[in-house]
1. In nm, give the distance between the simple-model label positions of Thr73 and Thr39, each being 7 Å from the Cα along the Cα-to-Cβ direction.
2. Quick check on the exposure proxy: order Ile35, Ile29, Ile81 from fewest to most C-beta atoms within 10 angstrom.
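Just so it is clear, none of the values below were taken in a lab; they were calculated from the coordinates. Quick caveat: nothing in here was measured; it's all calculated off a predicted structure. Note: ideal-geometry Cβ built from the backbone for every residue, glycine included; neighbour counts use all protein chains shown.
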Amino acid sequence: MELNVLSQFGEFPVKVLNASIISSAYVDITDSGVITQITPESDNKSIIITSITCPKLDNGDYKPWSHYTIEITGATNSTQISWNTTGAGSTSSDARVCLDNIVIRTE
């Protein structure tokens, strides 16, 4: 999953539905090449996206993406990813969070 934040936000959850647990999660923040581990929430079914793991970007032409990987134990064809930004606390009337390349694959 790739994220690009165009305005400041607080936090929002990304949840795994219809699956067992998140076994690991990590992010390459803004194409830096440095992998940062993300600890799943206590239910092991969600992670929290924060402004630390996906910082707000300036208005330049190129906006690097943060690349997230969530490894799921027990993923099936009915596994889904859910996110909710209603409580993200954006201070901008034109807040946007862009999500792209969301793929769930079983191995």
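1. 1.8 nm
2. On the way: Ile35 11, Ile29 19, Ile81 16.
Listed from fewest to most nearby Cβ atoms, that is Ile35, Ile81, Ile29.
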